[in-house]
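Coordinate-derived values only; no laboratory data. Remember, it's a predicted structure, so these values are computed and weren't measured experimentally. Counting neighbours? That spans all protein chains shown, and the Cβs are built from the backbone with ideal geometry, glycine included.
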Amino acid sequence: MRRRALAVVLLVLTAGCGHQRPLLYPNRQLEATGVQASERDIDHCLEMAKLYGVESKRAGRVVGSTATGGAVGGAAGAAAGAVRGDSGRRAGAGAAGGAAAGFLLGLIRWRQPDALERRFVEVCLRDQGYRPIGWR
């Protein structure tokens with residue numbers, strides 16, 4: 001059981017290692033600059049976002065997700081325990097389970113930039129003539 005749980009955690013961690021990057025529509029600008037130069041332009045826009053303080057606060061989102069999961073799990077456990085007569089014990093178990101689920105969800109979302117960073121980078125790329133069409 002422990003090995004299976006560890007394997008799941010490692011899988012989630014390795015799946016969330018690389019950050020998402022914008023995808024560019026193959027327009028004249030992309031064809032003129034080429035893929036390697038466009039990747040450098042994407043790096044530049046991501047760096048500009050960092051420079052202006054617009055980068056994603058990924059660690060804060062994981063902490064928030066963990067806290068929210070713990071609160072929801074604790075409340076659900078207490079409610080279920082109130083019916084059965086052991087709300088304290090069930091609240092603790094619900095909080096632990098909810099926090100674990102919130103933490104894992106936060107790790108899965110780690111790769112995703114927040115909306116402001118996404119918009120900043122897309123405007124930066126459009127200013128250079130690119131057409132961002134999504135993130136992957």
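Compute the distance in nm between two label points, each set 7 Å from the Cα along the Cα-to-Cβ direction, one at ILE133 and one at TYR25.
0.8 nm
Collect residues whose amide H, placed 1.01 Å from N in the peptide plane, falls under 5 Å from the amide H of LEU24; neighbours closer than 5 in sequence don't count.
Answer set, sorted by chain and number: ILE133.
On full extension of the chain, what length is gained from GLU39 through ARG89, given 0.36 nm per residue of separation minus the C-alpha to C-alpha distance?
12.7 nm
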